[in-house]
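The values are calculated or read from the model by the stated rules, or taken from the named source; none is laboratory data. Everything numeric here is computed off the predicted structure, so don't read it as measured data. Cβ coordinates were reconstructed from backbone atoms using ideal geometry, including for glycine residues, and neighbour counts include every protein chain displayed. Keep in mind that these areas ignore ligands, DNA and RNA; they rest on the heavy atoms of the full protein, side chains included. Shrake-Rupley method; radii C 1.70, N 1.55, O 1.52, S 1.80 Å.
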Amino acid sequence: RAGRWAPRRCDPRNTAPAHLCRAWPRNCPRFHNAGFRSRNRLPRGAASPLIVIFVTVFVDLIGFGIIIPLLPFYAESFGANALQVGLLAASFSLMQFLFAPVWGRLSDRLGRRPIILIGLFGSFLSYLIFGLARSLTVLFLARLAAGIAGANIPPAQAFIADTTTHEN
């Protein structure tokens, strides 16, 4: 069948990344030959890659939520007023909102795993700096860095979409 509504098939000799194929994934021989279907069949005792992603997202969300009850007391110990405490709390979400598309685009270019690992390492460093801070300025910088590093939820969602099958 020819025409606009005909099923598309991609050329297996095409050198473009498989996810950019217009026929992806249903009619693409590279999808079926690339081993994507076999990713869900893991050897016994092997951990699912989705568990790592779920733990990553869980750590990001816990990192945001666990600090909220302590944030006012911690910031006030450095002489912060109510407005500064509010800005400190909002700075994390603002950075996450601004940098989520950036991390998503970078994960398309560099790969999902490196971006997710960079985000986890950045979260670790920012929370360490936050805990060891000696001034309100360092608290703000650590909170901004935590928001930037914690914006790796879109790459995690893209990883889940890449590793699951059409049936799931």
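Some notes on this structure:
- Residue in segment 136-147 that is under 20 Å from PHE54 (Cα atoms) and not β-branched (Val, Ile, Thr) present: yes
- Residue check for PRO49: modelled with pLDDT under 90, surrounded by 13 or more Cβ atoms within 10 Å (Cβ to Cβ) and not aromatic (Phe, Trp, Tyr): yes
- Test for PHE121: is it touching a residue at least 24 places away in the same chain (Cβ under 8 Å), part of a helix (DSSP H, G or I), surrounded by fewer than 17 Cβ atoms within 10 Å (Cβ to Cβ) and not small (Gly, Ala, Ser): yes
- Single unsatisfied condition, PRO114 versus (1) at pLDDT 95 or above; (2) open to solvent by 30 Å² or more (accessible area, probe 1.4 Å): (1)
- Flag for ILE148 being assigned to a helix (DSSP H, G or I), open to solvent by less than 60 Å² (accessible area, probe 1.4 Å), farther than 19 Å from LEU94 by Cα and hydrophobic (A, V, I, L, M, F, W, C): no
- Filtered residues of segment 67-84 (kept if surrounded by fewer than 18 Cβ atoms within 10 Å (Cβ to Cβ), of a type outside the set (Asp, Glu) and without any contact (Cβ under 8 Å) to a residue 24 or more places away in the chain): ILE68, PRO69, LEU70, PRO72, PHE73, SER77, ASN81, ALA82, LEU83
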